[in-house]
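So the structure is just underneath, and the comments pick up after that.
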Amino acid sequence: MANSAKEEAKAASRSQRNVTTNAGLIEIQVQYRAVGDLTLDPRNPRQHSQRQINQIADSIREFGFIMPVVVDDTAQVVIGHARVLAAKKLDMPIIPVVEIKHLSKAQLKALRITDNRLAQLAHWDERLLGESFLELKELDLDFDLSVTGFSLPEIDLTLRVLQEGMNVE
């Protein structure tokens, strides 16, 4: 009888865990926390160059800090290490944060890897990218296009390739 009760408890636990962790849409709440209260994971496998931190800081300066950082219940950063470093560079006192409470330690670690890896798997549609840069260049911009993360020579090359493609068709 004791084994049966244990098996039922394990099955119930698995069932409850699946319902909780595979919920799909999780209701989140954005909070504003002091940058100094957040802890970066020293074992984060994703590394950021100073150049990238500077680019992110430039982006935040231009567009605002609009992507919340994701933290666990101990305020350790799960997603957004580079944004936290950029916020520190900009001497921002507080930033938007979402605290994740429904995931296990293993899931949080996997989420960190997943978030970075899945972004790497995307690719650029070179024609659409070129058209976007062309549209931006035709607007009266009050900022440098390099804030997009593309260098000006990269943007020029993309536009040249787009123009050559238009001339061929």
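The values are calculated or read from the model by the stated rules, or taken from the named source; none is laboratory data. Quick caveat: nothing in here was measured; it's all calculated off a predicted structure. Positions of Cβ are generated from backbone atoms using ideal geometry, with glycine treated the same way; all protein chains shown enter the neighbour counts. Remember, those area values only see protein heavy atoms, side chains included, never the ligands or the DNA or RNA. Shrake-Rupley method; radii C 1.70, N 1.55, O 1.52, S 1.80 Å.
Ligands, DNA and RNA left out, the 1.4 Å accessible surface of region 24-65 is 47% carbon and sulfur atoms.
Averaged over its residues, the chain has an accessible area of 71 Å² per residue, based on protein heavy atoms and a 1.4 Å probe. Here's the picture: charge each Lys and Arg Cβ at +1 and each Asp and Glu Cβ at -1 in the chain, and of Val147, His81, Leu157 the one pushed furthest to the positive end of that dipole is His81. If a/c stays under 1.5 just call it rounded; otherwise compare a/b with b/c (prolate if a/b is bigger, oblate if not). Do that for region 78-169, with a ≥ b ≥ c from the square roots of the Cα gyration tensor eigenvalues. Oblate. Taking all protein chains as present, what is the carbon and sulfur share of the accessible area of region 79-169, in % to the nearest whole number, probe 1.4 Å? Carbon with sulfur: 57 percent of the solvent-accessible area.
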